């Protein structure tokens, strides 16, 4: 690297991961939770950044039951050190019972997925971002869709990668009652209809997680050029399409 080069600190936020570079932590080989291509995408990108000497950090849920060697006492001891936040780890586990005992990343229940998504983002927003203090946040898919709004409010550049057209929706009041102080950045979220004001929107307007990430992130990309083509052509696997109506910032 050239003299005087300062390595950017990147926080990659993902609900899935298959593997982590061995040099990131002694736990790298045990922390895995995969539902689809997003896990492989995240692992490949993290490895590439880490290999290039980038100060890359990763945040994902603490899927205790899904991690390898979950019942091993030595594994548990190492996990407790990792969770304590006292080590200089680049791996940051979001802790909440919403995903402690899950057997798979996603559920067939929209309500269960909503609870897990809000819990994950709450821990990233309230705990992990202040701890890491990243120069860039890279969010992946609908389960991280609220974070770009927070990032823009605090002036942190944010990249949002779309992996599928699934989304999650709920009232602003639900998001706030679950521990995310969205009143700070509510105007950066994407609502189903044009917001009148905070009070009205909090109780009577629905926030779209995926659309919020797309709407407010500084940079947007897709998992592949082919997927971008499918979105543009309206040929996404589940037949969903994005609404072009915009709210205000």
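With respect to residue 90, determine if the residue is touching a helix residue (DSSP H, G or I) at 6+ places or on another chain (Cβ under 6 Å), farther than 23 Å from residue 162 by Cβ, crowded, with 20+ Cβ neighbours inside 10 Å and modelled with pLDDT under 90. For residue 90, the condition - touching a helix residue (DSSP H, G or I) at 6+ places or on another chain (Cβ under 6 Å), farther than 23 Å from residue 162 by Cβ, crowded, with 20+ Cβ neighbours inside 10 Å and modelled with pLDDT under 90 - is met. Comparison of 54, 17, 46, 10 shows that the only residue that is free of Cβ contacts under 8 Å to residues at least 40 places away in the same chain and touching a strand residue (DSSP E or B) at 6+ places or on another chain (Cβ under 9 Å) is 46.
The values are calculated or read from the model by the stated rules, or taken from the named source; none is laboratory data. Predicted, not measured: the structure shown is a model, and the values here were computed from it. Methodologically, a virtual Cβ is constructed for each residue, glycine included, from the backbone with ideal geometry; neighbour enumeration extends over all protein chains shown.
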